[in-house]
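Encoded as structure tokens, the structure appears first; notes follow it.
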Amino acid sequence: MKLKVIQRDGSDAGRTVTLDKSVFGIEPNDHTIWLDVKRVQAGGRQGTHKSKERSEITGSTRKLYRQKGTGHARAGDIKSPLRRGGGTIFGPRPRNYGIKVNRKTQALARRSVLSYKAKEDAIRVIEDFTLESPDTHEIRQMIAALELGDAKVLLLTSAHDPVVYKSGRNIPKLQVLEATQASTLDLIKAKTLLVQEGAVKSLSAQLGSKKSAKK
């Protein structure tokens, strides 16, 4: 599959890029996408929830009144979970929600999403560009020229570019990431992938088959 390369002003750059079939043309695996999205979302949970149990409540351990002969139900100390201000029974404790997903499964999930995007014609290849200093207006003009202002756009750069990242972080519905660092969730949330020309090669080198990488 070939896509034309466009310039920042929306005009045709006069060349095309061939998408690696092993990355952008496979039969998508929905189950691996679900697994990897679950992994990413679970990893984002802090897991710092905590409630005090009976042993952690401040208060006397003295038995409130004798066991028998009062006409009331027997009772222990004031920290009993049955009383107001007492400890919580089986309350939440800090935990790690992270789950393990094999690297090959993660890679297959990303290839599946990229293949979906290619089938849906939701990938645009733009020429490599850099900015001398953060310029939100420049990125906003580029998005407008490409007629992508109303869609959720994920801009994938060929390398770590903090200047481009800072330029786009205040633009609604735009996310800027290095191509090799974009997760399955990042890819699937975007309606359109705006991929730098060099980022296509980075994705092919990272996710493609060994035969295609040698080429």
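The values are calculated or read from the model by the stated rules, or taken from the named source; none is laboratory data. From a predicted model like this one, the values you see are computed outputs, not experimental measurements. We place every Cβ from the backbone using ideal geometry, glycine too, and count neighbours over all the protein chains shown.
Does at least one position in segment 93-107 carry a residue that is under 30 Å from Gln7 (Cα atoms) and either modelled with pLDDT under 95 or not in a loop (DSSP other than H, G, I, E, B) (or both)?
Taking every residue of segment 93-107 in turn, at least one turns out to be under 30 Å from Gln7 (Cα atoms) and either modelled with pLDDT under 95 or not in a loop (DSSP other than H, G, I, E, B) (or both).
Out of all the residues in segment 200-211, which are under 10 Å from Arg110 (Cβ atoms) and surrounded by 19 or more Cβ atoms within 10 Å (Cβ to Cβ)? Give the derivation first.
At the first step, the residues of segment 200-211 found to be under 10 Å from Arg110 (Cβ atoms) are 203, 206-207.
Correct list: Leu203, Leu207.
So, in segment 27-46, how many residues would count as being of a type in the set (Lys, Arg) and in a helix (DSSP H, G or I)?
Kept after step one, since they are of a type in the set (Lys, Arg), are these residues of segment 27-46: 38-39, 45.
This time we only want the ones that are in a helix (DSSP H, G or I), so: 38-39.
Number of matching residues: 2.
Within segment 133-142, one or more residues are under 18 Å from Ser11 (Cα atoms), surrounded by fewer than 15 Cβ atoms within 10 Å (Cβ to Cβ) and either in contact with a strand residue (DSSP E or B) (Cβ under 8 Å, 6 or more places away or on another chain) or not aromatic (Phe, Trp, Tyr) (or both). Residues in segment 111-125: is at least one over 20 Å from Ile26 (Cα atoms), hydrophobic (A, V, I, L, M, F, W, C), assigned by TED's automatic domain parsing to the domain that holds Gln7 and crowded, with 21+ Cβ neighbours inside 10 Å? No, segment 111-125 contains no residue that is over 20 Å from Ile26 (Cα atoms), hydrophobic (A, V, I, L, M, F, W, C), assigned by TED's automatic domain parsing to the domain that holds Gln7 and crowded, with 21+ Cβ neighbours inside 10 Å. Consider segment 1-26 and keep the residues that are assigned to a loop (DSSP other than H, G, I, E, B) and within 20 Å of Gln206 (Cβ to Cβ). The one that is farthest from the chain's Cα centre (by Cα) is Met1.
Among the conditions (1) surrounded by 10 or more Cβ atoms within 10 Å (Cβ to Cβ); (2) part of a loop (DSSP other than H, G, I, E, B); (3) assigned by TED's automatic domain parsing to the domain that holds Leu114, the only one that Lys63 does not satisfy is (3). Being under 30 Å from Leu3 (Cα atoms) and either in contact (Cβ under 8 Å) with a residue 12 or more places away in the chain or basic (Lys, Arg) (or both) is the requirement here; does Ile57 meet it? When the stated conditions are applied, Ile57 does not pass them. If a residue has to be within 17 Å of the chain's Cα centre (by Cα) and surrounded by 17 or more Cβ atoms within 10 Å (Cβ to Cβ) to count, how many in segment 166-177 make the cut? Counting residues in segment 166-177 that are within 17 Å of the chain's Cα centre (by Cα) and surrounded by 17 or more Cβ atoms within 10 Å (Cβ to Cβ) gives 4.
If you filter segment 81-112 down to residues that are among the hydroxyl-bearing types (Ser, Thr, Tyr) and under 20 Å from Lys50 (Cβ atoms), you find that the one that is farthest from the chain's Cα centre (by Cα) is Thr88.
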